[in-house]
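Down below is the structure, laid out as structure tokens.
The values are calculated or read from the model by the stated rules, or taken from the named source; none is laboratory data. Bear in mind the structure is a predicted one, so any value in this text is a computation, not a measurement. Reconstructed Cβ throughout: ideal geometry from the backbone, glycine too, with neighbour counts over all protein chains shown. The protein model used for the area step is the full one, side chains on, heavy atoms only, and it has no ligands, DNA or RNA in it. Shrake-Rupley method; radii C 1.70, N 1.55, O 1.52, S 1.80 Å.
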Amino acid sequence: MKLESRSVGMGSFEQPTIASNLQATEMVVAEIVNLEQGESIGCAGLQAFERIADRKRLSPTALKAFRLLAVKWSLLDSEAVALLGVSDNAWKAMLDRDSGKTLSEDQLTRVSALLGIYKGLHTVFTEAMADRWLQLINTNPLFRGRSPIAAMIEEGYALMRETRSQVEAMGQGI
């Protein structure tokens with residue numbers, strides 16, 4: 001039985017240091033959170049990303065942030081593809097920094113939810129645990145004995161949104 005590597009194929013994308021990864025991801029989180037507080041708010045207080053101008057502006061940084069999350073969370077390519085809701089070929093094209101790809105409303109909403117989860121986990125846990133938490137089996141009824149990553153892949157965006165809300169509540173001591 002051949003095991004799939006736990007790293008994301010980065011192609012020609014240069015992998016910056018962990019410190020710069022964290023800083024870049026935090027900057028993108030801040031930009032998306034600021035946009036979420038703008039005028040086009042969707043369900044559960046999340047940005048709807050309806051305007052193409054917003055999507056074109058945010059797509060390069062959102063893709064960079066998602067690639068960094070995939071590395072920090074040790075996602076398999078198949079997991080990254082499923083979380084983002086794209087095909088294998090689209091993911092391979094997105095690994096190219098200069099792909100010029102504009103993400104769909106759904107894809108940006110997914111990245112936004114995952115960045116919110118990242119931010120919340122880093123508020124609650126140490127960096128090492130925050131980045132491992134999603135891979136660990138979780139007995140919370142929300143995940144039903146699966147890892148949060150596996151559960152979000154199986155159940156899609158709705159569970160990403162619920163996971164984000166739960167992680168944010170943990171950060172608030174609720």
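Please enumerate the residues belonging to the stretch 155-174 that are closer than 13 Å to T123 by Cα and either open to solvent by 50 Å² or more (accessible area, probe 1.4 Å) or not hydrophobic (A, V, I, L, M, F, W, C) (or both).
Once the filter is applied, which keeps residues that are closer than 13 Å to T123 by Cα and either open to solvent by 50 Å² or more (accessible area, probe 1.4 Å) or not hydrophobic (A, V, I, L, M, F, W, C) (or both), the stretch 155-174 yields R164, Q166, E168, M170, G171, Q172, G173.
Search the stretch 118-147 for residues that are more than 17 Å from G171 (Cα to Cα) and in a loop (DSSP other than H, G, I, E, B) and pair each with any residue that is hydroxyl-bearing (S, T, Y) and open to solvent by 70 Å² or more (accessible area, probe 1.4 Å) when their beta-carbon atoms are under 8 Å apart and the residues are at least 6 apart or on different chains.
G145/T139
Just to be sure, is L103 part of a loop (DSSP other than H, G, I, E, B), modelled with pLDDT under 95 and either charged (D, E, K, R) or crowded, with 20+ Cβ neighbours inside 10 Å (or both)?
yes
Being open to solvent by 70 Å² or more (accessible area, probe 1.4 Å) and not in a loop (DSSP other than H, G, I, E, B) is the filter; apply it to the stretch 84-100 and report the residue that is nearest to A151 (Cα to Cα).
Per the stated criteria, the residue is D88.
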